[in-house]
Each structure stands twice: as C-alpha cells, then as structure tokens.
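Some notes on the structure that comes next.
The values are calculated or read from the model by the stated rules, or taken from the named source; none is laboratory data. Just so it is clear, the model here is predicted, and its values are computed rather than measured. Because the Cβ atoms are built from the backbone with ideal geometry, glycine has one as well, and the counts that use them run over all protein chains shown. Each accessible area value is taken on the protein alone, full model and side chains, heavy atoms only, with ligands, DNA and RNA left out. Shrake-Rupley method; radii C 1.70, N 1.55, O 1.52, S 1.80 Å.
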Amino acid sequence: MDDRAYLVVGAGFSGAVIARKLAEFGFQVICIDKRNHIAGNCHTERDLETNVMEHKYGPHIFNTNDKAVWDYVNSFGDIMPFKNKVIADTDKGMFSMPMNLLTINQFFNTKLTPKTVEAYLKNKQEIIEPPQNFEEQALAFLGQELYDNFFYGYTKKQWGCSPKELPAAILKRLPIRFNYDDNYYNSKYQGIPKNGYTSLIQNILDHKNIKVRLNTTYNKQEKSNYKHVFYTGPIDSYLDCKHGKLGYRTVYFEKEIYTEDYQGNAVVNYCSKDVPYTRIHEHKHFAPWETHNKTIVVKEFSKETLKNDEPYYPKRLLGDMVVLEKYKDELRELKDNVSFVGRLATYRYMDMDKVIKEALEYSDYFLDNYKNKNIDKIFSDDNL
Ligand code: FAD
Ligand code: UDP
C-alpha cells in the first residue's frame, strides 16, 4: 500500500485551503512554508509595543460577492464588518477615493448631481477608441485633469513604468461612481477577521491529518517522497528561472509609532509623483472595534523585485507573458505529479476570495480525478 503523504508547498490561503480539503478527504498532508509563519502575504500579528493588529505585508480587506466563499471564511473565524474608505492626497488637496461625486464636485468646485455629472465629464473626456492602455483608458473616461492629479503619479510610482505600458484592466479594478458612495469596493460581503488573518488560517490548518513545517523550503529532489505536490510558490523559481525572471513589483514599508490618531483614516493615498511613497496605512483604523492609545503608521514604497525580495504584484507586461508560456509549456510536458495553484504559481493578480474559490474548486477537481485514477500535473487556471 502506498502510504506516502501529500505535500503542499506554501501556507498562504491557497495552500491552507487545499491542505484542509485533502485532510478532510482522509489524506495525510504536510504543508511547508519557507517563512517563519503561516498565512503568506495575508499574515497579521499584534505589534508588541502598541498591541495593534498589524497586516505585515500590507493591509488586506476581505471582499467578495461569492456567498460560498464568504461562508467558508466565516466558518473558520469571526469576520467583523469593515468598509474601506480611502483619502487621496493630491497636489490640489485632499479628496475621497475611489472617485465619486464628492471627489468630482470638490475637485472642479461644482455642484453636479448623478444626472448632470456624465455630461460634464463628457466635455473633459478624450476620444480614444478603443483605449489600448492604462493612460488611454483614464483619459477616455476621466480626462486630463483627473488623470494627472489622481492616477499618473501614483501609477508611475506603483508600477515603475509609464502608465502607457500598463494594461487598461488595472484601472478597471477601481470603481468610479456618480453618487456619494465612497466605499472602495463594490462587493456584497466585506470585512476583516476579528483576530487577524493568521488566526483564521491557523484554524483552517488545524486538522489531525495536517502537519505544518515552517522555515522549510521546497526541495524538488524530495518530490518522489510524496504522492502528489501542490506548489503555490512562484512558477519561475520552480524551474530555477531558466527562461528568465517574471516581472513583479514589490513593496517595502517604513514603520513609525505615535500616540492617538495620526491621520484620521486607515489609508491615505499619495497621488503626487513628488511624494516618494504611494500610501500611508494606520493599522488601528482597520480594527475600529478595538481601542488603542498608541498607533502604528506605515509608509508603503514600491520598487522592482530583486533577488531576496518577496514578489507582490505580477506586472504581466508582454515580455512576461511570453516567458510565462515557456514555463507552462515545459511544466505541462514534465510528468512529475505536481499541481500549480495560487497567485504566484499561476502568475496572476488574485484577491483572497478568488484564491480561496480556486483552491476549493481545484481540490474538488483533483479529488474527482483521484477517484477516477486520472491524476496528472495541472495548473489550477487551466481547469477552472
Ligand atoms: P501567498 O500568500 O503569497 O502564499 C504563498 C506562500 O508560499 C508564501 O507564504 C511563501 O512563503 C510560500 N513559498 C513560496 N515559495 C516557497 C518554497 N519554494 N518553499 C516553501 N514555501 C514557499 N486581496 C484581497 O482580497 N484584499 C486585499 O485588500 C488585498 N490586499 C493586498 C495588498 C497587497 C499589498 C498585496 C500584494 C496583495 C493583496 N491582496 C489582497 C491579495 C492577497 O495577498 C492574495 O490573494 C493572497 O495572499 C494569495 O494567497 P496565496 O496563498 O496564493 O499566496
Ligand atoms: N491608482 C491610482 N491612484 C490611486 C489608487 C489607485 O493611480 O489613488 C491606480 C494604481 O495604478 C493601482 C490601480 O489604480 O495599481 C488599481 O487600484 P487598486 O487600489 O486596486 O490598487 P492595488 O494596490 O491593488 O494595485
């Protein structure tokens, strides 16, 4: 009898959800992570000096329209209601973000209504059909002044390239509203785990069939010790970057501690190209149900990902996509019982809800194939 365990590489949401599914099916699972903590980039921990819950890799707000995913996370921890309302610091003053009727009226000193705002903006919009990149999309939708003050500088800092080089889809991630709704997200369900994401992911991993090993980097030579490997790390590292490194932006933080309230809001975006950081987070405002006298203030800077940096945002420029296909083609050819799941292994920007949904669906797909004795190495995004 083959009593080898299943190996899950990475203890972020992708790895934890897969490990749990396999464990509930009755398999023995070992989940490793090269870091000294679980939860991947969603990791939260209490700061020792202030006792504030800190989102160590940048703030994470859970938001989804998917009831099944919402029910899933709620079954592993209490989620408190939280609506993200961002303030934009621009060369022309402080405004509400995402762009809404208040932003537009204050910026242009107008008294527009939901009925009149579209016609007003039409005079500002540039006719570009169809918009081919981020800049053209912004000019076609908002015109030059709003683009220059809210998007040009921030986007250049965030992505380290001209907004002309970026896909229009990045701008479409942000809502633009013709009413006074200033919620950053449109999703039906929104919140933040009461005890942080790490506690919630700990609860997912807390199963008698799962063993977690931290500070453990995946070693391909040991692959045959396991029945199947679920790899959630970067796809290019899996093949030692032999076709070149995929482009990622990374972020780094400067943390300061103050007393009382520093900026009066969880997030302030700095849209000017002349301010070196992209945003400032004040972490205690992500937990309005808690009271703290001291406060953690974190400036977020963006830069290119170098050898020892954590990859954050996949750039997905044209050259990256050519390299990605080389990795995928080669890995599809290798018959070595490894599946590639999650944001890094499939090189996509994915919110937490998408990551969870895909991990759940992929596990079902895998287990169905297991029952039919038809297991192959696969990419989660090929099968969904
Ligand atoms: P990860 O969390 O990256 O987990 C992968 C794990 O694999 C890591 O722990 C890593 O250490 C480990 N690993 C990698 N290689 C190896 C190896 N060789 N051996 C062992 N272990 C390895 N989503 C939202 O829904 N809402 C938000 O507000 C939000 N904010 C975000 C803010 C920022 C700044 C960023 C960058 C992302 C944000 N996201 C947000 C997205 C969210 O972080 C991801 O959806 C989620 O982290 C993806 O989970 P994952 O398990 O696929 O990847
Ligand atoms: N963006 C901007 N100004 C802002 C907020 C966002 O220019 O004040 C741009 C930026 O390019 C960003 C994109 O809009 O990458 C999508 O915004 P989102 O908040 O989704 O950014 P993320 O941090 O997830 O990239």
Please give the helix 13-25 orientation as an angle from the longest Cα principal axis of the chain, in degrees from 0 to 90, rounded to the nearest 10.
-> 40 degrees
Residue-normalised value, i.e. accessible area per residue, for the chain at 1.4 Å probe, in Å², stands at 47 Å²
Shape call, region 4-69: gyration tensor on alpha carbons, a/c limit 1.5 = oblate
Semi-axes in Å, largest first, for region 103-145 (Cα gyration tensor, √(5λ)) are 21, 11, 7
Probe 1.4 Å, all chains present, heavy atoms only: residue 350 accessible area in Å², nearest 10, is 30 Å²
Mind telling me which of 117, 73, 355 comes out most flexible in a GNM of the chain, alpha-carbon contacts under 10 Å?
-> 117
Where 291, 216 fall by accessible area, highest first, once all protein chains stay in place (1.4 Å) | 291, 216
Working with all protein chains in place, sort 162, 75 by solvent-accessible area computed with a 1.4 Å probe, largest first.
-> 75, 162
Prolate/oblate/rounded label for region 334-374 (Cα gyration tensor, a/c 1.5) | oblate
From the C-alpha gyration tensor of region 61-141, pull out the three semi-axes of the equivalent ellipsoid (sqrt of 5λ each), sorted largest to smallest, in whole Å.
-> 34, 19, 13
Sticking with the crude label model, points 7 Å out along Cα→Cβ, report the distance from residue 161 to residue 110 in nm, one decimal please.
-> 3.3 nm
Cα convex hull of region 286-332, projected area averaged across orientations, nm² = 6.7 nm²
Just the ratio, please: alpha-carbon radius of gyration of the chain over 2.2 N^0.38 Å, N its number of residues.
-> 1.05
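So what is the 222 nm mean residue ellipticity for the chain from helices alone, if each DSSP H run of at least 4 adds -39500 (n - 2.57) and you divide by all residues, rounding to the nearest 500 deg cm²/dmol?
Theoretical 222 nm ellipticity from helices: -8000 deg cm²/dmol.
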According to the Cα gyration tensor, what semi-axes, each the square root of 5 times an eigenvalue, does the equivalent ellipsoid of region 34-108 have, listed from largest to smallest in whole Å?
-> 31, 20, 11
At q = 0.12, 0.13, 0.17 Å⁻¹, what base-10 log of I(q)/I(0) does the Debye formula yield for region 91-219 when every alpha carbon is treated as an equal point scatterer in vacuo?
-> -0.63, -0.69, -0.94
Whole-angstrom Cα spans of region 251-383 along principal axes, big to small | 60, 37, 23
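If you take the Cα Rg of region 1-150 and divide it by 2.2 N^0.38 Å, with N the number of residues, what do you get?
Normalised Cα radius of gyration, region 1-150: 1.57.
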Angle between the chain longest axis and helix 318-333 axis [Cα atoms, degrees, rounded to 10] = 10 degrees
Evaluated over region 145-259, the Cα radius of gyration and Dmax, each in Å = 21.0, 60
Quick shape check on region 133-195: root eigenvalues a ≥ b ≥ c of the Cα gyration tensor, a/c under 1.5 is rounded, otherwise prolate if a/b tops b/c, else oblate, and it reads prolate
Set Lys and Arg Cβ to +1 and Asp and Glu Cβ to -1, take the dipole of the chain about its Cα centre, and tell me which of 110, 179, 61 lies farthest positive.
-> 61
